[in-house]
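The values are calculated or read from the model by the stated rules, or taken from the named source; none is laboratory data. Since we're looking at a predicted model, the values are computed, not measured. Reconstructed Cβ throughout: ideal geometry from the backbone, glycine too, with neighbour counts over all protein chains shown.
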Ligand code: HEM
């Protein structure tokens, strides 16, 4: 972005934020430096294949067969996800599980999602979190204990499904919202200036050169800009309808 700002060159915001979000998922989800902006990033290629971002018309036909004629798809060996990319991510998860088992106590905690999930699924959470789960999910400690009594296969499946969800639910949604927000900010210079000043103020107040999670929570004006972007370009509809008798609509 800095380079584009200096040269004044036009750029495709959608592509840039797609790569940025992929890089964020690689870092925060898997703890990997994926170099998504560089050439030949395997992680980026695998994400594209897994999410079908580069799907051909042949792939679209396969998908249609899968949705409309699942039995035929089964007979023809058509799968929803690309096998190679699925294998790639499973490999990453296997590595983490292996590393965790080998160095149960010595492995440095990286605070990335795959590690945090691993800890949660194997019951290595502190009393505060246990209490939170008890309250929020109305779940007793015995039930929590049963939940973490998983076989290694179940553990890997849960890790895999939750991490891959980051790509399926979080990648297009977040990157498209960021791209639209950046576009609005480029056309509304006064708003952009306010966002920028808010960033400087918060960084100043926190005494940090970099924004961390807690500092980001204080960026109220930026939050409003993201909300306004979503108001102008809502990405998704709420398709679900609560059928419980106790449900009372605000409308
Ligand atoms: C701007 C970004 C995003 C938008 C606009 C968005 C929008 C939505 C909407 C509207 C739903 C509800 C769908 C329904 O009721 O059927 C939903 C559900 C969900 N989203 Fe997002 N989402 C965003 C980012 C993310 C991210 C980053 C993640 C994961 C890290 C995520 C994970 C999920 C999950 C797991 C559900 C299902 C929740 C459930 O089953 O109760 N979303 N999202």
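Of everything in the stretch 41-81, what is under 29 Å from residue 117 (Cα atoms) and touching a helix residue (DSSP H, G or I) at 6+ places or on another chain (Cβ under 7 Å)? Give them in sequence order. Correct list: 43, 44, 46, 47, 49, 50, 51, 52, 80, 81. Have a look at 29, 38 and point out the one that is in contact with a helix residue (DSSP H, G or I) (Cβ under 6 Å, 6 or more places away or on another chain), in the same structural domain as residue 165 (by TED's automatic domain parsing) and within 29 Å of residue 113 (Cβ to Cβ). Just a single option satisfies the conditions, and that option is 29. Of all residues in the stretch 211-238, those being modelled with pLDDT of 80 or more and farther than 19 Å from residue 199 by Cα number 7. Restricting attention to the stretch 163-181, the residues being in contact with a helix residue (DSSP H, G or I) (Cβ under 6 Å, 6 or more places away or on another chain) and either in the same structural domain as residue 224 (by TED's automatic domain parsing) or modelled with pLDDT under 90 (or both) number 3.
All of 242, 225 fail the test of being within 15 Å of the ligand (Cβ to nearest atom), without any contact (Cβ under 8 Å) to a residue 12 or more places away in the chain and not assigned by TED's automatic domain parsing to the domain that holds residue 17, apart from 242. The single residue among 235, 199 that is more than 16 Å from the ligand (Cβ to nearest atom) and within 22 Å of residue 17 (Cα to Cα) turns out to be 199. Of all the listed residues (115, 95, 138, 59), the sole one being surrounded by fewer than 16 Cβ atoms within 10 Å (Cβ to Cβ) and under 27 Å from residue 24 (Cα atoms) is 95.
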